[in-house]
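Participant: Below you will find the structure I want to go over with you.
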Amino acid sequence: MFPFKFLKLGCSGLFVASLGLFYGGSVIAQPSVEKRFEQLDGNRDGKVTPDEFPQAAVFKALDVDGSGGITQEEAKRAALRGRLRSVLGEALGRNNSADDIVPTQPTKSFEAPVRQGPKLLTPGEHGVGRFVADTEFELLDRTTKRIHGEDKSHLTVIAFTSTSCPLSKKYLPTLVDIHSDFKARGVRFVLVNCVATDRPDEMKAALERFTSNVEYTFDKDLKLTNHLGATSTTDVFVLDQSNTVIYHGAIDDQYGFGYSIDTPRYTYLRDALEASLEHRPVLVSATAAPGCLLETRQTATASSEITYHNQISRLLQRHCVECHREGGVGPFALDTYEDAIAHAPMIREVVHRGIMPPWFAAPDKNHTASPWINDRSLSVSEKQQLFAWLDNKMPAGEPKLMAGPGTYSPFTSEYIRLCRFTLINGAWEPVSERGRAAVASTRAARVL
Ligand code: HEC
């Protein structure tokens with residue numbers, strides 16, 4: 001299953017996947033090229049013509065001799081040589097299936113691509129894992145509240161909303177339900193209306209839909225919106241007790257531009273809350289959110305403001321501590337300021353060279369969006385943040401802002417212990433029956 005192998009076999013997989021999508025909507029694992037060819041070749045003349053296979057770009061790549069028809073020989077050769085990879089390279093987008101690549105954006109001629117749920121984003125580029133500084137805001141009744149709430153909620157949901165944006169209106173009942181299911185479990189809810197022209201009486205009516213304990217603020221001047229970097233009027237943030245973003249994105253995938261489905265397939269917000277309350281890692285932590293788009297002007301943090309306690313402890317915890325801790329598989333711990341300082345030159349070296357965190361699946365080093373849901377590599381801006389802190393003589397900052405305890409994938413350490421890393425093909429190979437089970441559980445995590 002592992003990525004490297006998968007990349008090598010990827011081209012025939014792509015062929016199959018694109019034909020699979022084209023045909024039935026469901027992707028079949030490894031049918032022979034011949035079989036798919038026959039299915040495509042409607043009039044059985046031994047050639048697949050553009051009307052039989054209307055995905056123009058793919059067709060062009062397959063029609064090696066430019067004769068206007070794809071022969072079975074051409075299809076086989078293309079699948080073997082990976083011609084499709086260059087065409088669909090872009091389409092190596094996130095897929096939720098372990099063995100097959102499904103282009104995230106089927107070509108335009110494919111019939112029902114409108115029903116596209118929120119796109120998964122690179123968590124490190126979407127604010128996930130970052131500390132949110134405190135700030136004040138005012139409720140509809142003029143009481144003042146703070147992001148760093150005074151009560152001891154386990155989690156804080158900050159949901160952007162509007163009484164005029166159609167998608168926000170559709171999502172209001174969903175938020176009411178989620179609130180009523182989670183409020184008793186120590187989850188605090190803050191609703192932020194960020195549309196300056198929305199009417200106070202309608203906001204009050206929206207607030208009254210909730211049973212109780214919801215903080216509703218009218219962010220007329222977009223202060224909070226910019227502070228958090230919200231992207232749309234249905235965007236949601238979940239903060240843990242240490243005010244670290246653990247989820248940023250859509251509520252679920254029920255509504256979007258031009259589509260709605262009866263029940264959501266992925267309940268992102270609920271899943272994030274559930275996982276976090278049970279001390280499990282949040283699997284999908286960053287998605288785009290549909291809705292009326294916001295023009296946010298999040299002020300970039302000056303590098304002198306990056307300290308160990310406010311940001312770097314979170315970054316190391318997210319990407320390193322799962323192995324680098326007492327009892328972990330790494331050779332030393334990296335979960336205190338002293339540890340980080342002691343290993344600073346080597347941290348710079350291994351991160352700069354891309355050796356740590358170990359991640360061999362990414363096809364290209366400059367990627368901004370990874371196709372892997374459990375990708376553990378550092379994103380571009382996380383690296384920048386780490387290097388800025390190292391360059392700035394590694395200030396400690398305020399200890400009270402330190403990251404809370406981490407939640408680690410249960411399989412990681414086990415997985416690494418049971419698999420050996422083989423340099424020859426750059427993949428982790430299971431060394432035993434239990435290793436194979438560990439590999440299977442990683443796969444399950446990626447499949448969702
Ligand atoms: C999946 C587990 C894992 C993760 C995650 C991980 N490491 Fe490591 N790290 C290891 C192991 C195992 C070694 C020992 C490798 C060896 O001995 O060849 C190691 C070694 C190192 C070393 C010593 C390298 C040397 O040659 O002396 C440094 C420094 C390091 N890691 C930093 C980091 C940093 C920084 C992160 C996060 C950005 C990180 N690691 C994430 C498992 C991990």
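The values are calculated or read from the model by the stated rules, or taken from the named source; none is laboratory data. Nothing here was measured: the structure is a model prediction, and the numbers come from that model. All Cβ positions, even for glycine, are placed from backbone atoms using ideal geometry, and neighbour counts span all protein chains on display.
Participant: Looking at region 320-336 only, could you name the residues that are more than 10 Å from the ligand (Cβ to nearest atom), within 15 Å of H309 (Cα to Cα) and not β-branched (V, I, T)?
Facilitator: Matches in region 320-336: D335 only.
Participant: State whether one or more residues within region 306-328 are surrounded by fewer than 16 Cβ atoms within 10 Å (Cβ to Cβ), closer than 25 Å to D134 by Cβ and out of contact with any Leu (no Cβ under 8 Å at 6 or more places or on another chain).
Facilitator: Scanning region 306-328 turns up no residue that is surrounded by fewer than 16 Cβ atoms within 10 Å (Cβ to Cβ), closer than 25 Å to D134 by Cβ and out of contact with any Leu (no Cβ under 8 Å at 6 or more places or on another chain).
Condition check ((1) in contact (Cβ under 8 Å) with a residue 40 or more places away in the chain; (2) within 21 Å of F189 (Cα to Cα)) across all residues:
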position	(1), (2)
T231	yes, yes
T234	yes, yes
S242	yes, yes
E274	no, yes
A286	yes, yes
I306	yes, no
L316	no, no
C323	yes, no
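Participant: In region 337-354, how many are hydrophobic (A, V, I, L, M, F, W, C), more than 7 Å from the ligand (Cβ to nearest atom) and more than 15 Å from W389 (Cα to Cα)?
Facilitator: Qualifying residue count for the region: 0.
Participant: Determine if region 153-161 includes at least one residue that is part of a loop (DSSP other than H, G, I, E, B), more than 22 Å from L175 (Cα to Cα) and at pLDDT below 90.
Facilitator: Checking region 153-161: not a single residue is part of a loop (DSSP other than H, G, I, E, B), more than 22 Å from L175 (Cα to Cα) and at pLDDT below 90.
Participant: Sticking with this one: Tell me, yes or no, whether region 362-385 has at least one residue that is surrounded by fewer than 14 Cβ atoms within 10 Å (Cβ to Cβ), farther than 14 Å from L316 by Cα and either modelled with pLDDT of 90 or more or not assigned by TED's automatic domain parsing to the domain that holds Q317 (or both).
Facilitator: No, region 362-385 has no match at all.
Participant: If you scan region 375-401, which residues turn out to be assigned to a loop (DSSP other than H, G, I, E, B) and either over 21 Å from E322 (Cα atoms) or aliphatic (A, V, I, L, M) (or both)?
Facilitator: Of everything in region 375-401, those that are assigned to a loop (DSSP other than H, G, I, E, B) and either over 21 Å from E322 (Cα atoms) or aliphatic (A, V, I, L, M) (or both) turn out to be L378, N392, K393, M394, P395, A396, G397, E398.
Participant: Sort through I251, I312, I246 and tell me the only one that's within 16 Å of the ligand (Cβ to nearest atom) and either in the same structural domain as V195 (by TED's automatic domain parsing) or touching a residue at least 12 places away in the same chain (Cβ under 8 Å) (or both).
Facilitator: The match here is I312.
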